[in-house]
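Report on the following structure.
The values are calculated or read from the model by the stated rules, or taken from the named source; none is laboratory data. Only a predicted model underlies this, so the values are computations on that prediction, with no experimental measurement involved. For neighbour counting, all protein chains shown are included, and Cβ atoms are generated from backbone atoms with ideal geometry for every residue, glycine included.
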Amino acid sequence: MSIETHVSAGVPSSQYKLSTEVAVRHEHYSDFGGTTSAELSGRYAFTPVVAVRATASTGFRALSLQQEYYSSTAINFITGVPYTIRTFQVTDPAAKALGARPLQPELSHNYSVGLVLTPHNGLYTTIDAYQITIAHRIILSGNLFGTAVGNYLTSAGIPFVEGAGFSPTGSIPARAAWIWSRATPCSCRPPRSH
């Protein structure tokens, strides 16, 4: 179930223009419960040619079936020696004993700020800086292998496996930041000042 709403407001004047937007979305998942995501954005035009914009938002990504139930068995050659490597479901007792934790949905915080230039020659130019932070990032673990791992798996009733991996989450944050610039021709012309 999903509920979403958007609210926009603008304050035009003869010299300046401020516009804002607020969006809120609430979703309910049968296996993870409810979550609310929000976005606040604004744009301020100093002149018809120069404007700044900014956005702050939160995000949520539920787990896919593959992430919850993925498992595999492969033969990997490490320095010419074949090793049987298993990737266990995160709920498998072997994965838990090797350090796997219950999966949680990914949560994110997103921020951006930018400059918009629309000179009289019709060239539309933007320069934006972004930062995205993700909590509970879901990725596959590295392969764990060696005598201790093989002995443990054999004692857990999984013989002839020399290595293992699983899908961890909870303590793997991710952060990305970058600047993006683009210039495109457009038919937009700034309004004439009176």
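Odds and ends about this structure:
- Region 89-116: number of residues that are in a loop (DSSP other than H, G, I, E, B), surrounded by 12 or more Cβ atoms within 10 Å (Cβ to Cβ) and not basic (Lys, Arg): 9
- Scanning region 78-87 finds one or more residues that are part of a strand (DSSP E or B), at pLDDT 80 or above, closer than 12 Å to residue 164 by Cβ and basic (Lys, Arg).
- Counted residues, region 51-74 - those being out of contact with any Ser or Thr (no Cβ under 6 Å at 6 or more places or on another chain) and over 22 Å from residue 32 (Cα atoms): 7
- Note on region 17-28: residues that are surrounded by 14 or more Cβ atoms within 10 Å (Cβ to Cβ) and more than 15 Å from residue 114 (Cα to Cα) total 8.
- Residues satisfying the stated conditions in region 40-55, i.e. surrounded by 15 or more Cβ atoms within 10 Å (Cβ to Cβ) and either more than 18 Å from the chain's Cα centre (by Cα) or within 26 Å of residue 139 (Cβ to Cβ) (or both): 41, 42, 43, 44, 45, 48, 51, 53, 54
- Qualifying residue in region 96-116 (condition: closer than 17 Å to residue 42 by Cβ, within 25 Å of the chain's Cα centre (by Cα), of a type in the set (D, E, K, R) and modelled with pLDDT of 80 or more): no
- Per-region count, region 73-88, residues surrounded by 12 or more Cβ atoms within 10 Å (Cβ to Cβ) and under 15 Å from residue 158 (Cβ atoms): 7
- Selection status of residue 124, among the aromatic types (Phe, Trp, Tyr), closer than 21 Å to residue 181 by Cα, touching a strand residue (DSSP E or B) at 6+ places or on another chain (Cβ under 7 Å) and modelled with pLDDT under 90: yes
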